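The values are calculated or read from the model by the stated rules, or taken from the named source; none is laboratory data. Keep in mind that this is a model prediction, so the values were computed, not measured. With ideal geometry, Cβ positions are generated from the backbone for all residues, glycine too; neighbour counts draw on all protein chains shown.
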């Protein structure tokens, strides 16, 4: 969020006239001002969820501005506090700066200097709150493979419980790195087969000479017989050799394993989930028809990240948390330039590339790349998220002729959250209803 956005300013000043004039100055600059005549009521009203910054006089009856700063710092060290000091309090303010205060201004202060200081603090606060929001969203979904709120990902999530216990083979198509295997594992885990083995077969890497010994032998530890009652995951089936495809076609048709030098077939209780490139990206003969039509009883598509850009921030927050845990390193601060890079890049490697980016940031290896992106002049991510969220709500309301109840159901958010967002984004429900009624 930028300084002119909807962040608030908590103004703490015991002088009534100065408080009124400063509040008017900040209001004209585009801020919502919460004015307090003393530190005690301000301290009672503010917490670590406060969507704004604090401007406080230093010398006040009772609790001083320094006392207020120390208490707020203990509750939330990231909350920016700007101190307004008299001439004799400069050293006190400098000491507070060393202890984490955001800035200080000496009385009488230049109004433009105050607005500029608040704008810088508001930008930092906006990023902090956005980072927290994204992390909390990721935490709610930390066990799910399909993180995101885009329509395509929501539909796939809804299909997981439907398909989990349906004994039907699946074909998942999508670009490299989109998370096809994650979807397959989620479906496997969600059903009764989740208690048994998920056998992953890299079809492109299996030489023809090893097909019998590695995959179709009853004694092979990684053969399909070892996955009985579970799931066999055929990765990159479109890159499998034709001999392998022919053998798989027979096994899938018979649901039995025929071992050389043996008369009896071994019955198999298997579910097959196969993956391949999207139809437009694979050659017409990549998968032999006899195999394809046995596998593709249900076809699912994992969309690339460029088609669900709104999911990138939440997904990245999840991935960087995982990366920090693996590396036993702290999660780095997510700067405005990092956010811009996330939204500007096309991510041709999809989720896999995003995960590698998270790893590099945790290791401190991508600072130059991100800093270079900060010169592009693109709108910061928090602004884009706000704009996108508003657009989605307005489009949904227009499609539903302004019916709030239907919009709440379609958006999948609580009623209270819906009306909070309506107010936050300044959406005129009545105007939408009148406009759609005329249309």
Among residues of the range 280-294 being out of contact with any helix residue (DSSP H, G or I) (no Cβ under 7 Å at 6 or more places or on another chain) and surrounded by 13 or more Cβ atoms within 10 Å (Cβ to Cβ), the residue farthest from residue 171 (Cα to Cα) is 281
Practice prompt. Answer yes if at least one residue in the range 14-29 is closer than 19 Å to residue 127 by Cα and under 33 Å from the mean Cα position of the chain (by Cα), and no otherwise.
Written response: no
Notebook entry, point to check: Taking the stated definitions as given, is residue 209 more than 30 Å from residue 305 (Cα to Cα), assigned by TED's automatic domain parsing to the domain that holds residue 268, more than 21 Å from the chain's Cα centre (by Cα) and outside any loop (DSSP other than H, G, I, E, B)?
Noted result: yes
Those residues of the range 356-391 that are at pLDDT 75 or above, surrounded by fewer than 16 Cβ atoms within 10 Å (Cβ to Cβ) and not assigned by TED's automatic domain parsing to the domain that holds residue 336 come to a total of 1
query = So is residue 222 surrounded by fewer than 18 Cβ atoms within 10 Å (Cβ to Cβ), closer than 30 Å to residue 146 by Cα and touching a strand residue (DSSP E or B) at 6+ places or on another chain (Cβ under 9 Å) or not?
reply = yes
Flagged pairs (Cβ under 6 angstrom, 6 or more apart or on separate chains; first in the range 38-50, modelled with pLDDT under 90; second surrounded by fewer than 18 Cβ atoms within 10 Å (Cβ to Cβ)) are 48/75; 48/76
Only one of 39, 45, 23, 35 is touching a strand residue (DSSP E or B) at 6+ places or on another chain (Cβ under 8 Å) and buried (at least 23 other Cβ atoms within 10 Å of the Cβ), namely 39
Among helices (runs of 4 or more DSSP H) completely within the range 85-165, the ones holding 2 or more residues that are touching a helix residue (DSSP H, G or I) at 6+ places or on another chain (Cβ under 7 Å), at pLDDT below 80 and surrounded by fewer than 21 Cβ atoms within 10 Å (Cβ to Cβ) are 111-140
Restricted to the range 60-84 and to residues being within 37 Å of the chain's Cα centre (by Cα) and touching a residue at least 40 places away in the same chain (Cβ under 8 Å), the residue surrounded by the most Cβ atoms within 10 Å (Cβ to Cβ) is 68
Of the residues that make up the range 14-27, is at least one assigned to a loop (DSSP other than H, G, I, E, B) and at pLDDT below 90? no
Among (1) in contact with a strand residue (DSSP E or B) (Cβ under 6 Å, 6 or more places away or on another chain); (2) at pLDDT below 95, residue 76 falls short only on (1)
Requested in this report: Determine, yes or no, whether residue 18 is assigned by TED's automatic domain parsing to the domain that holds residue 120, closer than 19 Å to residue 112 by Cα and surrounded by fewer than 15 Cβ atoms within 10 Å (Cβ to Cβ).
Outcome: no
Counting only residues that are under 16 Å from residue 356 (Cβ atoms) and crowded, with 21+ Cβ neighbours inside 10 Å, the range 320-340 contains a total of 3
Counting only strands (runs of 3 or more DSSP E) wholly inside the range 225-322, the ones holding at least 2 residues that are closer than 25 Å to residue 197 by Cα, free of Cβ contacts under 8 Å to residues at least 60 places away in the same chain and assigned by TED's automatic domain parsing to the domain that holds residue 184 are 231-235, 256-258, 265-267
